[in-house]
Amino acid sequence: MKNLVAELHWRGLVHDIMPGTEEQLLKEMTTTYIGFDPTSDSLHIGSLVPIILLVHLEKFGHKSVALIGGATGMIGDPSGKSDERNLLDEATLEKNVAGIKTVLSRFLNFNSTDVNAPILVNNYDWMKDFSFINFARDVGKRITVNYMMAKDSVKKRLEAEGEGMSFTEFTYQLIQGYDFHYLYKTHNCLLQMGGSDQWGNITTGTELVRRMNGEGAKAFAMTCPLITKADGSKFGKSEGGNVWLTTDKTSVYKFFQFWLNTTDIDAEKYIKIFTFLDQNTIETLIKEQNDSPHLRILQRKLASEVTTFVHGKDALEKAIEASNILFGNASENDLKLLDEATFLEVFEGVPQASITRQDIENGVNIVAVLNEKSGFFKSNGEARRALNANSVSVNKVKVVEDFILSDTDLINNKFVLLQSGKKNYFILKVD
(Lines give C-alpha, C1' and ligand atoms only; values in the text may rest on other atoms or scores of the structure.)
Protein backbone atom coordinates (compact mmCIF):
# COMPACT_ATOMS: atom_id res chain seq x y z
CA MET A 1 0.00 0.00 0.00
CA LYS A 2 1.14 3.57 -0.72
CA ASN A 3 1.78 5.71 2.36
CA LEU A 4 -1.44 7.65 2.95
CA VAL A 5 -0.24 9.12 6.25
CA ALA A 6 2.86 10.59 4.62
CA GLU A 7 0.62 12.12 1.93
CA LEU A 8 -1.71 13.64 4.52
CA HIS A 9 1.22 14.93 6.59
CA TRP A 10 2.71 17.08 3.81
CA ARG A 11 -0.75 18.38 3.01
CA GLY A 12 -1.17 19.52 6.63
CA LEU A 13 -4.03 17.09 7.25
CA VAL A 14 -2.75 15.22 10.30
CA HIS A 15 -3.29 16.58 13.82
CA ASP A 16 -3.39 13.52 16.12
CA ILE A 17 -2.71 9.92 15.19
CA MET A 18 -2.85 6.82 17.35
CA PRO A 19 0.30 4.67 17.42
CA GLY A 20 0.10 1.83 14.89
CA THR A 21 -2.27 3.66 12.52
CA GLU A 22 0.33 4.32 9.83
CA GLU A 23 1.56 0.73 9.98
CA GLN A 24 -2.01 -0.58 9.64
CA LEU A 25 -2.68 1.58 6.58
CA LEU A 26 0.58 0.41 4.98
CA LYS A 27 -0.17 -3.25 5.68
CA GLU A 28 -3.55 -3.79 3.96
CA MET A 29 -6.76 -2.28 2.69
CA THR A 30 -8.26 -0.73 5.82
CA THR A 31 -11.92 0.16 6.26
CA THR A 32 -12.17 3.67 7.70
CA TYR A 33 -15.15 5.79 8.66
CA ILE A 34 -15.96 9.45 9.13
CA GLY A 35 -19.24 10.73 10.56
CA PHE A 36 -21.42 13.62 9.40
CA ASP A 37 -24.13 14.89 11.75
CA PRO A 38 -27.28 16.09 9.93
CA THR A 39 -27.55 19.56 11.48
CA SER A 40 -28.64 20.90 8.07
CA ASP A 41 -29.96 19.50 4.79
CA SER A 42 -26.65 20.39 3.14
CA LEU A 43 -22.95 20.52 4.00
CA HIS A 44 -20.74 23.61 3.96
CA ILE A 45 -17.08 23.86 3.06
CA GLY A 46 -16.05 22.97 6.61
CA SER A 47 -17.20 19.46 5.66
CA LEU A 48 -15.00 19.42 2.56
CA VAL A 49 -12.01 18.25 4.60
CA PRO A 50 -13.63 15.00 5.83
CA ILE A 51 -15.03 14.44 2.31
CA ILE A 52 -11.55 14.91 0.84
CA LEU A 53 -10.12 12.51 3.45
CA LEU A 54 -12.61 9.85 2.32
CA VAL A 55 -11.61 10.42 -1.31
CA HIS A 56 -7.90 10.16 -0.39
CA LEU A 57 -8.61 6.88 1.38
CA GLU A 58 -10.26 5.48 -1.74
CA LYS A 59 -7.45 6.74 -4.01
CA PHE A 60 -4.90 4.97 -1.77
CA GLY A 61 -6.77 1.65 -1.99
CA HIS A 62 -8.64 1.77 1.33
CA LYS A 63 -12.35 1.34 1.91
CA SER A 64 -14.16 4.44 3.13
CA VAL A 65 -17.39 4.57 5.08
CA ALA A 66 -19.42 7.78 5.26
CA LEU A 67 -21.67 7.67 8.30
CA ILE A 68 -24.66 9.98 8.58
CA GLY A 69 -25.60 10.51 12.21
CA GLY A 70 -29.35 10.05 12.06
CA ALA A 71 -29.24 8.90 15.70
CA THR A 72 -26.43 11.12 17.04
CA GLY A 73 -28.02 14.07 15.23
CA MET A 74 -30.99 13.68 17.57
CA ILE A 75 -28.70 14.41 20.52
CA GLY A 76 -26.12 16.96 19.38
CA ASP A 77 -22.35 16.73 19.70
CA PRO A 78 -21.04 18.89 22.58
CA SER A 79 -17.53 19.03 21.09
CA GLY A 80 -16.47 22.62 20.57
CA LYS A 81 -19.87 23.98 21.63
CA SER A 82 -20.51 26.36 24.52
CA ASP A 83 -24.26 25.74 24.62
CA GLU A 84 -26.49 22.76 24.03
CA ARG A 85 -27.94 22.46 20.55
CA ASN A 86 -31.67 22.54 19.98
CA LEU A 87 -33.02 19.06 19.37
CA LEU A 88 -34.29 18.46 15.84
CA ASP A 89 -37.73 17.00 15.19
CA GLU A 90 -37.93 13.80 13.13
CA ALA A 91 -39.25 15.48 9.97
CA THR A 92 -36.37 17.97 9.92
CA LEU A 93 -33.86 15.25 10.71
CA GLU A 94 -35.19 13.05 7.89
CA LYS A 95 -34.93 15.96 5.43
CA ASN A 96 -31.39 16.71 6.57
CA VAL A 97 -30.27 13.09 6.27
CA ALA A 98 -31.65 12.89 2.71
CA GLY A 99 -29.91 16.15 1.78
CA ILE A 100 -26.54 15.02 3.12
CA LYS A 101 -26.83 11.67 1.33
CA THR A 102 -27.33 13.56 -1.93
CA VAL A 103 -24.28 15.76 -1.29
CA LEU A 104 -21.98 12.87 -0.34
CA SER A 105 -23.09 10.87 -3.39
CA ARG A 106 -21.57 13.56 -5.62
CA PHE A 107 -18.09 12.78 -4.31
CA LEU A 108 -18.24 9.05 -3.56
CA ASN A 109 -19.71 6.37 -5.82
CA PHE A 110 -21.69 4.24 -3.39
CA ASN A 111 -22.89 2.06 -6.31
CA SER A 112 -19.37 1.05 -7.30
CA THR A 113 -18.51 -2.66 -7.50
CA ASP A 114 -14.80 -2.14 -6.74
CA VAL A 115 -13.37 -4.15 -3.87
CA ASN A 116 -12.77 -0.92 -1.94
CA ALA A 117 -16.07 0.70 -2.98
CA PRO A 118 -17.22 3.31 -0.44
CA ILE A 119 -20.22 2.62 1.80
CA LEU A 120 -22.91 5.01 3.04
CA VAL A 121 -24.53 4.18 6.40
CA ASN A 122 -26.90 5.85 8.86
CA ASN A 123 -26.42 5.09 12.56
CA TYR A 124 -30.17 5.47 13.14
CA ASP A 125 -30.56 2.09 11.39
CA TRP A 126 -28.83 0.24 14.26
CA MET A 127 -29.66 2.59 17.12
CA LYS A 128 -33.44 2.94 16.64
CA ASP A 129 -34.31 -0.40 18.24
CA PHE A 130 -31.78 -0.18 21.07
CA SER A 131 -33.58 0.00 24.42
CA PHE A 132 -32.18 2.24 27.13
CA ILE A 133 -31.73 -0.72 29.48
CA ASN A 134 -29.83 -2.75 26.89
CA PHE A 135 -27.62 0.20 26.01
CA ALA A 136 -26.85 0.87 29.68
CA ARG A 137 -26.02 -2.83 30.25
CA ASP A 138 -24.10 -3.59 27.04
CA VAL A 139 -22.34 -0.29 26.39
CA GLY A 140 -22.57 1.94 29.47
CA LYS A 141 -20.87 -0.55 31.77
CA ARG A 142 -17.79 -0.72 29.53
CA ILE A 143 -16.70 2.90 30.04
CA THR A 144 -16.33 4.62 33.42
CA VAL A 145 -17.73 8.06 34.18
CA ASN A 146 -14.19 9.07 35.19
CA TYR A 147 -12.97 8.23 31.67
CA MET A 148 -15.79 10.22 30.06
CA MET A 149 -15.31 13.21 32.39
CA ALA A 150 -11.64 13.43 31.44
CA LYS A 151 -12.49 14.27 27.80
CA ASP A 152 -11.82 17.89 26.82
CA SER A 153 -15.26 18.27 25.25
CA VAL A 154 -16.83 17.42 28.61
CA LYS A 155 -14.37 19.27 30.85
CA LYS A 156 -14.67 22.54 28.94
CA ARG A 157 -18.45 22.52 29.17
CA LEU A 158 -18.46 21.66 32.86
CA GLU A 159 -15.87 24.34 33.70
CA ALA A 160 -17.46 27.07 31.59
CA GLU A 161 -20.18 29.44 32.69
CA GLY A 162 -23.72 28.50 31.78
CA GLU A 163 -25.99 25.55 32.40
CA GLY A 164 -23.31 22.89 32.01
CA MET A 165 -24.08 19.71 30.07
CA SER A 166 -27.21 17.61 29.98
CA PHE A 167 -27.12 13.83 30.40
CA THR A 168 -28.28 13.65 26.77
CA GLU A 169 -25.13 15.35 25.49
CA PHE A 170 -22.96 13.50 28.01
CA THR A 171 -23.98 10.20 26.37
CA TYR A 172 -22.99 11.41 22.89
CA GLN A 173 -19.47 9.99 23.04
CA LEU A 174 -20.84 6.59 24.08
CA ILE A 175 -23.23 6.47 21.13
CA GLN A 176 -20.50 7.56 18.71
CA GLY A 177 -18.22 5.00 20.33
CA TYR A 178 -20.85 2.31 19.77
CA ASP A 179 -20.95 3.28 16.07
CA PHE A 180 -17.27 2.32 15.85
CA HIS A 181 -17.94 -1.01 17.55
CA TYR A 182 -20.89 -1.71 15.23
CA LEU A 183 -18.87 -0.91 12.09
CA TYR A 184 -15.97 -2.98 13.45
CA LYS A 185 -18.27 -5.97 13.84
CA THR A 186 -20.20 -5.58 10.56
CA HIS A 187 -17.60 -4.12 8.17
CA ASN A 188 -14.27 -4.87 9.90
CA CYS A 189 -13.80 -1.10 10.27
CA LEU A 190 -10.48 -0.47 12.04
CA LEU A 191 -10.01 3.30 11.78
CA GLN A 192 -12.07 6.41 12.49
CA MET A 193 -11.05 9.83 11.22
CA GLY A 194 -12.43 13.30 11.91
CA GLY A 195 -11.63 16.84 12.97
CA SER A 196 -9.29 17.45 15.90
CA ASP A 197 -12.27 18.41 18.09
CA GLN A 198 -13.44 14.79 17.69
CA TRP A 199 -10.36 13.16 19.24
CA GLY A 200 -12.12 12.49 22.54
CA ASN A 201 -15.17 10.89 20.89
CA ILE A 202 -13.02 8.85 18.50
CA THR A 203 -10.73 7.48 21.21
CA THR A 204 -13.79 6.50 23.27
CA GLY A 205 -14.76 4.45 20.20
CA THR A 206 -11.37 2.74 20.00
CA GLU A 207 -11.67 1.92 23.71
CA LEU A 208 -15.15 0.46 23.26
CA VAL A 209 -13.98 -1.69 20.34
CA ARG A 210 -11.27 -3.19 22.55
CA ARG A 211 -13.49 -3.65 25.59
CA MET A 212 -16.48 -5.11 23.72
CA ASN A 213 -14.57 -7.48 21.45
CA GLY A 214 -12.07 -9.17 23.72
CA GLU A 215 -8.33 -9.57 23.46
CA GLY A 216 -6.81 -8.94 20.09
CA ALA A 217 -9.44 -6.40 19.01
CA LYS A 218 -7.71 -3.38 17.52
CA ALA A 219 -8.94 0.00 16.46
CA PHE A 220 -7.16 3.17 15.39
CA ALA A 221 -7.77 6.92 15.33
CA MET A 222 -6.56 9.86 13.30
CA THR A 223 -7.72 13.48 13.24
CA CYS A 224 -7.01 16.46 11.00
CA PRO A 225 -6.63 20.07 12.16
CA LEU A 226 -9.62 22.38 12.19
CA ILE A 227 -9.06 24.75 9.28
CA THR A 228 -8.50 28.40 10.15
CA LYS A 229 -7.61 31.58 8.28
CA ALA A 230 -4.22 33.23 8.71
CA ASP A 231 -5.82 36.19 10.52
CA GLY A 232 -7.44 33.85 13.04
CA SER A 233 -10.98 34.35 11.76
CA LYS A 234 -13.28 31.42 11.15
CA PHE A 235 -12.82 29.50 7.93
CA GLY A 236 -15.81 28.72 5.74
CA LYS A 237 -17.78 31.92 6.11
CA SER A 238 -18.20 34.81 3.71
CA GLU A 239 -20.02 38.08 4.36
CA GLY A 240 -23.28 36.30 3.60
CA GLY A 241 -22.66 33.45 6.08
CA ASN A 242 -21.60 29.85 5.47
CA VAL A 243 -20.28 28.82 2.08
CA TRP A 244 -22.32 25.72 1.18
CA LEU A 245 -21.73 22.82 -1.19
CA THR A 246 -25.17 23.07 -2.80
CA THR A 247 -26.20 25.77 -5.26
CA ASP A 248 -29.55 26.44 -3.58
CA LYS A 249 -27.61 27.88 -0.61
CA THR A 250 -24.44 29.21 -2.28
CA SER A 251 -24.27 29.85 -6.02
CA VAL A 252 -21.33 28.49 -8.01
CA TYR A 253 -20.29 32.08 -8.74
CA LYS A 254 -20.11 32.98 -5.03
CA PHE A 255 -18.41 29.65 -4.26
CA PHE A 256 -15.77 30.36 -6.91
CA GLN A 257 -15.29 33.91 -5.65
CA PHE A 258 -14.76 32.70 -2.06
CA TRP A 259 -11.68 30.71 -3.09
CA LEU A 260 -10.51 33.37 -5.53
CA ASN A 261 -10.48 35.97 -2.74
CA THR A 262 -8.31 34.03 -0.29
CA THR A 263 -5.09 35.69 0.90
CA ASP A 264 -1.69 34.59 -0.41
CA ILE A 265 -0.87 32.90 2.91
CA ASP A 266 -4.17 31.02 3.05
CA ALA A 267 -4.03 30.04 -0.63
CA GLU A 268 -0.63 28.39 -0.09
CA LYS A 269 -2.10 26.38 2.78
CA TYR A 270 -5.49 25.62 1.20
CA ILE A 271 -4.15 24.37 -2.15
CA LYS A 272 -2.51 21.47 -0.29
CA ILE A 273 -5.62 20.70 1.75
CA PHE A 274 -8.48 21.22 -0.72
CA THR A 275 -7.02 19.94 -4.00
CA PHE A 276 -5.58 16.65 -5.20
CA LEU A 277 -2.68 18.25 -7.07
CA ASP A 278 0.59 16.43 -6.43
CA GLN A 279 3.43 17.84 -4.37
CA ASN A 280 5.65 18.82 -7.33
CA THR A 281 2.80 20.69 -9.03
CA ILE A 282 1.91 22.56 -5.84
CA GLU A 283 5.54 23.49 -5.11
CA THR A 284 5.87 24.83 -8.67
CA LEU A 285 2.69 26.88 -8.25
CA ILE A 286 3.92 28.31 -4.94
CA LYS A 287 7.23 29.32 -6.56
CA GLU A 288 5.37 30.99 -9.44
CA GLN A 289 3.17 32.81 -6.92
CA ASN A 290 6.19 34.04 -4.96
CA ASP A 291 7.83 35.25 -8.18
CA SER A 292 4.69 37.03 -9.45
CA PRO A 293 2.23 37.52 -6.55
CA HIS A 294 0.19 40.08 -8.52
CA LEU A 295 -0.93 37.33 -10.92
CA ARG A 296 -2.64 35.45 -8.03
CA ILE A 297 -1.71 32.13 -9.62
CA LEU A 298 -2.43 30.11 -6.46
CA GLN A 299 -5.85 31.67 -5.91
CA ARG A 300 -6.92 31.09 -9.51
CA LYS A 301 -5.76 27.47 -9.48
CA LEU A 302 -7.31 26.86 -6.04
CA ALA A 303 -10.68 28.33 -7.09
CA SER A 304 -10.62 26.36 -10.33
CA GLU A 305 -9.73 22.99 -8.73
CA VAL A 306 -12.15 23.20 -5.78
CA THR A 307 -15.07 24.49 -7.89
CA THR A 308 -14.54 21.69 -10.41
CA PHE A 309 -14.38 19.09 -7.60
CA VAL A 310 -17.58 20.32 -5.97
CA HIS A 311 -19.68 21.51 -8.93
CA GLY A 312 -18.07 20.17 -12.12
CA LYS A 313 -16.22 21.69 -15.07
CA ASP A 314 -19.27 23.19 -16.82
CA ALA A 315 -20.27 25.06 -13.66
CA LEU A 316 -16.69 26.30 -13.27
CA GLU A 317 -16.70 27.73 -16.79
CA LYS A 318 -19.95 29.59 -16.11
CA ALA A 319 -18.52 30.99 -12.87
CA ILE A 320 -15.42 32.19 -14.73
CA GLU A 321 -17.64 33.80 -17.40
CA ALA A 322 -19.63 35.56 -14.67
CA SER A 323 -16.39 36.78 -13.06
CA ASN A 324 -15.11 38.07 -16.38
CA ILE A 325 -18.27 40.13 -16.80
CA LEU A 326 -17.41 42.14 -13.70
CA PHE A 327 -13.63 42.12 -13.96
CA GLY A 328 -12.84 41.33 -17.61
CA ASN A 329 -13.74 42.28 -21.17
CA ALA A 330 -17.18 40.70 -21.40
CA SER A 331 -19.55 41.45 -24.26
CA GLU A 332 -23.24 42.34 -24.33
CA ASN A 333 -23.99 38.77 -25.42
CA ASP A 334 -22.09 37.41 -22.39
CA LEU A 335 -24.28 39.53 -20.14
CA LYS A 336 -27.46 38.33 -21.77
CA LEU A 337 -26.46 34.70 -21.25
CA LEU A 338 -26.53 35.17 -17.46
CA ASP A 339 -29.60 33.91 -15.65
CA GLU A 340 -31.32 36.40 -13.36
CA ALA A 341 -29.96 34.95 -10.11
CA THR A 342 -26.35 34.99 -11.32
CA PHE A 343 -26.74 38.48 -12.79
CA LEU A 344 -27.94 39.82 -9.43
CA GLU A 345 -25.12 38.02 -7.58
CA VAL A 346 -22.44 39.32 -9.94
CA PHE A 347 -23.68 42.86 -9.41
CA GLU A 348 -24.65 42.48 -5.77
CA GLY A 349 -24.45 45.84 -3.98
CA VAL A 350 -24.54 47.85 -7.21
CA PRO A 351 -27.00 50.81 -6.92
CA GLN A 352 -30.37 50.28 -8.60
CA ALA A 353 -33.30 52.33 -9.83
CA SER A 354 -36.57 51.41 -11.53
CA ILE A 355 -38.01 52.45 -14.89
CA THR A 356 -41.49 51.69 -16.20
CA ARG A 357 -41.98 49.15 -18.94
CA GLN A 358 -43.92 51.76 -20.90
CA ASP A 359 -40.87 54.05 -20.89
CA ILE A 360 -38.59 51.31 -22.17
CA GLU A 361 -41.06 50.19 -24.85
CA ASN A 362 -41.49 53.76 -26.12
CA GLY A 363 -37.73 54.30 -26.08
CA VAL A 364 -35.94 56.79 -23.86
CA ASN A 365 -32.89 58.95 -24.60
CA ILE A 366 -29.72 57.92 -22.79
CA VAL A 367 -29.27 61.38 -21.22
CA ALA A 368 -32.67 61.08 -19.52
CA VAL A 369 -31.80 57.51 -18.50
CA LEU A 370 -28.55 58.58 -16.84
CA ASN A 371 -30.03 61.48 -14.90
CA GLU A 372 -33.80 61.82 -14.62
CA LYS A 373 -34.73 58.11 -14.80
CA SER A 374 -31.94 56.69 -12.64
CA GLY A 375 -30.02 59.38 -10.76
CA PHE A 376 -26.79 57.68 -11.89
CA PHE A 377 -25.57 61.18 -12.87
CA LYS A 378 -26.50 64.33 -10.95
CA SER A 379 -27.43 66.41 -14.01
CA ASN A 380 -28.03 66.22 -17.75
CA GLY A 381 -24.86 68.27 -18.24
CA GLU A 382 -22.74 65.76 -16.29
CA ALA A 383 -24.28 62.92 -18.29
CA ARG A 384 -23.55 64.64 -21.61
CA ARG A 385 -19.94 65.32 -20.63
CA ALA A 386 -19.43 61.64 -19.75
CA LEU A 387 -21.05 60.56 -23.04
CA ASN A 388 -18.86 62.96 -25.04
CA ALA A 389 -15.83 61.56 -23.23
CA ASN A 390 -16.85 58.08 -24.45
CA SER A 391 -16.96 56.74 -20.88
CA VAL A 392 -20.58 55.52 -20.72
CA SER A 393 -21.62 51.96 -21.58
CA VAL A 394 -24.99 50.23 -21.76
CA ASN A 395 -24.66 46.49 -21.24
CA LYS A 396 -20.87 46.78 -21.78
CA VAL A 397 -21.30 48.61 -25.11
CA LYS A 398 -20.13 52.24 -25.45
CA VAL A 399 -22.95 54.65 -26.34
CA VAL A 400 -23.24 58.25 -27.53
CA GLU A 401 -25.61 61.13 -26.75
CA ASP A 402 -28.26 60.23 -29.32
CA PHE A 403 -28.58 56.59 -28.11
CA ILE A 404 -32.17 55.50 -27.43
CA LEU A 405 -32.69 52.79 -24.80
CA SER A 406 -35.41 50.27 -25.75
CA ASP A 407 -36.76 46.88 -24.71
CA THR A 408 -34.28 45.16 -27.06
CA ASP A 409 -31.55 46.19 -24.61
CA LEU A 410 -33.04 44.29 -21.67
CA ILE A 411 -31.15 41.49 -19.92
CA ASN A 412 -33.55 38.74 -18.85
CA ASN A 413 -36.33 41.06 -20.07
CA LYS A 414 -35.81 43.00 -16.84
CA PHE A 415 -32.42 44.68 -16.41
CA VAL A 416 -30.12 47.22 -18.06
CA LEU A 417 -26.51 47.54 -16.90
CA LEU A 418 -25.18 51.09 -16.99
CA GLN A 419 -21.48 51.78 -16.59
CA SER A 420 -19.35 54.91 -16.27
CA GLY A 421 -15.62 54.39 -16.52
CA LYS A 422 -14.17 51.04 -15.49
CA LYS A 423 -15.73 50.45 -12.10
CA ASN A 424 -18.89 52.54 -11.68
CA TYR A 425 -21.93 50.34 -12.32
CA PHE A 426 -25.65 51.00 -12.06
CA ILE A 427 -28.60 48.67 -12.64
CA LEU A 428 -31.82 49.89 -14.18
CA LYS A 429 -34.68 47.54 -13.36
CA VAL A 430 -37.90 47.47 -15.37
CA ASP A 431 -41.05 47.30 -13.26
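The values are calculated or read from the model by the stated rules, or taken from the named source; none is laboratory data. Nothing here was measured: the structure is a model prediction, and the numbers come from that model. Cβ placement follows ideal geometry from the backbone for every residue including glycine, while neighbour counts extend to all protein chains displayed. For the accessible areas, the whole protein counts, side chains as well, though only heavy atoms, and no ligand, DNA or RNA atoms are used. Shrake-Rupley method; radii C 1.70, N 1.55, O 1.52, S 1.80 Å.
Things to note:
- Remark: the range 194-305 carries 47 Å² of accessible area per residue (probe radius 1.4 Å; ligands, DNA and RNA excluded).
- Spin-label model distance (nm) - residue 213 vs residue 314, 7 Å beyond Cα toward Cβ: 4.4 nm
- Heavy-atom accessible area with a 1.4 Å probe sorts 29, 18, 222, largest first, into 29, 18, 222.
- Antiparallel content of DSSP bridges confined to the chain, in %, to 5: 50 percent
- Full extension of the segment from residue 279 to residue 163, taken as 0.36 nm per residue of separation minus the current Cα-Cα distance, would add 37.0 nm.
- For the range 272-431, the fraction of C-alpha pairs farther apart than 27 angstrom is 38 percent.
- Within the range 221-296: Cβ-based charge dipole about Cα centre, in debye rounded to nearest 20 (Lys, Arg +1; Asp, Glu -1): 320 debye
- Note, ³J(HN,Hα) from phi for the range 339-346, Karplus 6.51, -1.76, 1.60, rounded to Hz, x at Gly and Pro: 6, 4, 4, 5, 4, 5, 6, 4
- Calculation over all alpha carbon pairs of the chain in 20 angstrom steps from 0 returns a P(r) of 22, 44, 24, 10, 0 percent.
- Amide hydrogen neighbours beyond the local backbone of residue 246, cut-off 5 Å, H modeled: 43
- Working from label points 7 Å from Cα in the Cα-to-Cβ sense, the residue 235 to residue 358 distance is 5.8 nm.
- Degrees between helix 279-291 axis and first principal axis of the chain (Cα, 0 to 90, nearest 10): 40 degrees
- When 163, 23 are compared by accessible surface with a 1.4 Å probe, the order from highest to lowest is 163, 23.
- Gain upon complete extension [residue 228, residue 248; 0.36 nm per residue less C-alpha separation]: 4.7 nm
- With R₀ fixed at 25 Å, the C-beta to C-beta distance from residue 135 to residue 28 puts the FRET efficiency at about 0.20.
- Computed from phi, the 3J(HN,Hα) profile of the range 22-30 under the Karplus parametrisation 6.51, -1.76, 1.60 (θ = phi - 60°) reads 4, 5, 4, 5, 7, 6, 6, 4, 10 Hz, with x in place of Gly and Pro.
- Pairs with C-alpha atoms separated by more than 27 Å, drawn from the list 59/155; 101/141; 156/185; 378/398, are 59/155; 101/141; 156/185.
- Estimated at the nearest 10 Å², the accessible area of residue 7 is 40 Å² with a 1.4 Å probe.
- Cross-link pairs 249/272; 272/301; 396/423 - those with Cα-Cα distance over 20 Å: 249/272
- Among the chymotrypsin sites (Phe, Trp or Tyr not before Pro) in the range 246-285, those located in a DSSP loop and surrounded by at most 16 other Cβ atoms within 10 Å of their own Cβ are 276.
- In terms of packing, defined here as the mean over residues of other Cβ atoms within 10 angstrom, the peptides 132-144, 380-392 line up highest first as 380-392, 132-144.
- Values of log10 I(q)/I(0), in the order q = 0.10 Å⁻¹, for the range 21-134 under a Debye, Cα-only, solvent-free model: -0.34
- Relative to the dominant Cα principal axis of the chain, helix 90-104 is inclined by about 80°.
- Chain lengthening between residue 372 and residue 337 when straightened (0.36 nm per residue, less Cα-Cα): 9.7 nm
- Between residue 2 and residue 265, the FRET efficiency estimated from the beta carbon spacing at R0 = 25 angstrom works out to 0.25.
- Pair-distance distribution of the range 165-293: all C-alpha pairs, bin width 5 Å, starting at 0; shares per bin in whole percent are 2, 9, 14, 13, 12, 13, 13, 12, 8, 4, 2, 0.
- As a size descriptor, the averaged projected area of the C-alpha convex hull of the range 277-323 was calculated at 3.5 nm².
- Kirkwood's formula applied to the C-alpha pairs of the range 1-73 gives a hydrodynamic radius of 13.3 angstrom.
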